[in-house]
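Let me begin by presenting the structure, written as structure tokens, before commenting on it.
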Amino acid sequence: MAIRIKKHIGKPSKVLDENLMLNSQYTQIKLTDYVRDSQIENVFIFDECASTILSWVEQSKRLKPVPEVGGFLLGRVEELHPHFNISLEKFIPSKDVAYNSPTILEFGTKVMMQLDQQMDKYPDLDLIGWFHTHPGHTPFLSGLDQQLHEGFFKKPYQIAIVLDSLTTYFDTGFFTRKEDGTTSNKADFKEWVLWKKKLQK
Ligand SMILES: [Zn+2]
């Protein structure tokens, strides 16, 4: 798959400054509660981002059979040396994917171009990761998911969020880099984040 993600060079490093956090509505996910080993300690998901994801997932459930859907996460990074906190502030749903089915999602070039355009609109935000659903097949990173993640989301703080859209509370895995640099997967999780309990307001 051809993916081209524009490099944003020369921008100041992003921090979760106090004013931003004071003036924002968000939910804090303490990842250490869910996963054994993570370079990311906390994920601050802004309400607008969480609700955009939720409505994108709900919309996919009107189709039968329910297909995989996805998108990209923009936000900021706070370096804690050696760990990170991240904020997820904007969700960019991938509307014109090359192909999707109940078990496959191929982003394709069109959504990458759309992502570039969206990122230009938010110069203060970085590409923090990507999101996709696994309708009925639990949160995990498949071989293809891992290839995409290791190929295009190489930074230590970039994450892959996978949500099972056919579970009652939307079981969700936040897959991040472990201390050894590899990316976590299903076996590393003590429990899933229940999106509808934790993040729905
Ligand atoms: Zn997948």
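Overview of values
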quantity	calculated
Which listed residue is in contact (Cβ under 8 Å) with a residue 60 or more places away in the chain and either among the aliphatic types (A, V, I, L, M) or closer than 25 Å to GLU18 by Cα (or both), from ASP126, ASP116	ASP126
Filtered residues of the stretch 158-196 (kept if of a type in the set (A, V, I, L, M) and assigned to a helix (DSSP H, G or I))	ALA187
Test: residue in the stretch 85-93 that is within 16 Å of the ligand (Cβ to nearest atom), in contact (Cβ under 8 Å) with a residue 60 or more places away in the chain and part of a strand (DSSP E or B)	no
Residue, nearest to LYS178 (Cα to Cα), within the stretch 107-148, restricted to residues that are assigned to a helix (DSSP H, G or I) and within 10 Å of the ligand (Cβ to nearest atom)	GLN146
Residue list for the stretch 79-92, restricted to those being surrounded by fewer than 20 Cβ atoms within 10 Å (Cβ to Cβ) and either among the acidic types (Asp, Glu) or more than 24 Å from ARG177 (Cβ to Cβ) (or both)	GLU79
Positions within the stretch 31-66 being more than 18 Å from GLU79 (Cβ to Cβ), of a type outside the set (Ser, Thr, Tyr) and not in a helix (DSSP H, G or I), in sequence order	VAL35, ARG36, ASP37, ILE45, PHE46, LYS61, ARG62, LEU63, LYS64, PRO65, VAL66
Residues within the stretch 163-201 that are under 23 Å from GLN39 (Cβ atoms), among the β-branched types (Val, Ile, Thr) and in contact with a strand residue (DSSP E or B) (Cβ under 9 Å, 6 or more places away or on another chain), tallied	4
Meets criteria (assigned to a strand (DSSP E or B), within 15 Å of the ligand (Cβ to nearest atom) and at pLDDT 95 or above) for GLY71	yes
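The values are calculated or read from the model by the stated rules, or taken from the named source; none is laboratory data. Only a predicted model underlies this, so the values are computations on that prediction, with no experimental measurement involved. When we count neighbours, we look across all protein chains shown, and the Cβ atoms used for this are built from the backbone with ideal geometry, even at glycine.
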